[in-house]
Amino acid sequence: MKTMTYEEALDYLHKVQRFGSKPGLQRVEALLAALGHPELSLRFVHVAGTNGKGSTAAMTESVLRAAGYRTGLFVSPFVEDFRERVQVDGVWLPKDEWAARLSGVRAAAAAVTASGGPQATEFELLTALALRCFADRGCDVVVLEVGLGGRFDATNVIPPPEVAVLTPISRDHMEYLGETLASIAFEKCGIVKRGCHVVTGVGQPPEAMAVVRACCEWVGAPLWAPDETQLCTQETGLAGTRFIYRGQALSVPLMGAHQVQNALTACETVRALVARGWAVPAAAAARGLASVRWGGRLEIVRETPLCVIDGAHNAAKTEALARALDTLFAGRRRVVVMGMSADKETALCAEHIAARSDVFIATQYENPRALPAGEMARQAAPHCAHVEVYPDPDAACARALALCGQEDLLLVCGSLYLIGGAKRSLTTAAR
């Protein structure tokens, strides 16, 4: 089987079934066996949860890299470039290497199906590519973000991780994970295994926390949690937050109080690693947090007018974004462009943001899962006096720019599939 170009590789991957018809790890296990079981040579920090898991993963990886370790980072989805999802030492794979590796995974998948084995899904192929890459590149530690759930997620094929991280759990993907916080937490706690340490995030709901504690007790895993009584916030603003935690001066360049909470979860993850024998000096933790880069989360993409993008795509995330609007952008006139997936709690999300908007422009991204812009506008209308509908995201951004004065805030939020294109539109638009 010939090596694909990068464009051919993406086309192949996107044409593969996204999820399996039946939950389970059999497909990815068969694929990894054909690839020589790369996961068995690696050590992991496994990150699951609903809110903040990508930011927490990025912060943890940045700290470990600052401590001198060769790191792998696997995240999903992406904002601007598909290659964001697989990184070694904070760097995306070159396109030619990415294509060559997917060609190898494709050949292994074909061998599995030729022998009567199951057909791997898109996410399983990507997971296998990442694990084979991390093993080949000699990564000391891999920070692995769960795609969906935990128990049957393709990433859960790994052996017991050094640390299993459970960021705050809320209602999301209920069609796959269940309707209650307890059922969702049970699925996500599937990454907790005998022999690992477990870290839970700030603000874990009591119903979910009860499940986390029970799972830890069941497997005998030590449970670590941030101690907010040890937190002292010194300065917060558009450049991030400076704070003291457990007596150490730290800073994080990502905006919002929720990013400080994610930073505390990353700090506890590092403390758990140190307890297991990993060498992470305090100075490395400070450097790593201060230098973390994580796009699409209250990211400033243009200064005049101030343009911010944020991938707040469920109710808990839009609530956190609303708090940031109330604190970081108080007093500014706000023009908001918003588009979401139809399978989210869109009415509640629209209320959180439209109630804080002077102008609300409803849009939609190009995907069958997208909520129609007209429906987004209908849900926003009771909470904002000025609502417009622009189904095309580029047109929506252009309209928002036209309505903004130099001192106003232009916010694009909702699906991560929307904000990457919005970033390109806003940064290239002429004024």
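Just so you know, all these numbers are worked out from the coordinates, no wet-lab data involved. Note that the structure is a prediction, hence the values are computed from the model and not measured. Note that we place each Cβ from the backbone using ideal geometry, even for glycine, and neighbour counts take in every protein chain shown.
Brief remarks on what is shown
- With the helix formula -39500 (n - 2.57) applied to DSSP H stretches of n ≥ 4, the chain reaches a computed 222 nm mean residue ellipticity of -12500 deg cm²/dmol.
- The residue list LEU177, CYS139, GLY240 was ranked by how far each Cα lies along the charge dipole of the chain toward its positive end, using unit charges on Cβ atoms, and CYS139 comes out on top.
- Sorting 102-114, 289-301 by their mean Cβ neighbour count within 10 Å, with the most densely packed peptide first, gives 289-301, 102-114.
- Over the stretch 299-428, Cα pairs under 8 Å with separation of 6+ residues give a relative contact order of 36 percent.
- Nearest-20 debye value, the stretch 299-428 charge dipole, Cβ charges on Lys, Arg, Asp, Glu: 100 debye
- Rounded to 5, percent antiparallel among DSSP beta bridges of the chain: 35 percent
- Under a 5 Å amide H cut-off, with hydrogens placed 1.01 Å from N, VAL337 pairs with ILE361, LEU411, VAL412, CYS413 among residues at least 5 apart or on other chains.
- When each of the peptides 336-349, 367-380 is scored by the mean number of other C-beta atoms lying within 10 Å of its residues, the order from highest to lowest reads 336-349, 367-380.
- With only Cα atoms counted, the stretch 64-136 has Rg and Dmax values of 13.6, 45 Å.
- Electrostatic dipole magnitude of the chain [Cβ: Lys, Arg +1; Asp, Glu -1; Cα centre; debye, to 20]: 660 debye
- The chain: relative contact order as a whole-number percent, Cα under 8 Å and 6+ apart: 15 percent
- When each of LYS22/LYS317; LYS22/LYS344; LYS22/LYS95; LYS317/LYS423; LYS95/LYS344 is checked by Cα-Cα distance, pairs over 26 Å: LYS22/LYS317; LYS22/LYS95; LYS95/LYS344
- Highest average packing first - 407-413, 357-363, Cβ atoms within 10 Å: 357-363, 407-413
- The GNM of the chain, with springs linking C-alpha atoms under 10 angstrom apart, assigns the highest mean-square fluctuation among HIS352, HIS14, HIS258 to HIS14.
- Span-rule helices in the chain, defined as complete DSSP H runs reaching 24 Å or more along the axis (Cα) with Kyte mean at least 1.0: none
- No Cys partner within the rule (Cβ under 4.7 Å), the chain: CYS133, CYS139, CYS196, CYS216, CYS232, CYS267, CYS307, CYS349, CYS384, CYS397, CYS404, CYS413
- Ordering GLY256, SER41, ALA154 by Cα displacement along the dipole of the chain toward the positive end leaves SER41 in first place; charges were set at the Cβ atoms of Lys, Arg (+1) and Asp, Glu (-1).
- A full extension of the chain between GLU80 and VAL274 corresponds to an added length of 66.4 nm, given 0.36 nm per residue minus the alpha carbon distance.
- The LEU40 and ALA385 beta-carbon pair, evaluated with R₀ = 56 Å, returns a calculated FRET efficiency of approximately 0.40.
- Pair-distance distribution of the stretch 299-428: all C-alpha pairs, bin width 10 Å, starting at 0; shares per bin in whole percent are 15, 53, 30, 2.
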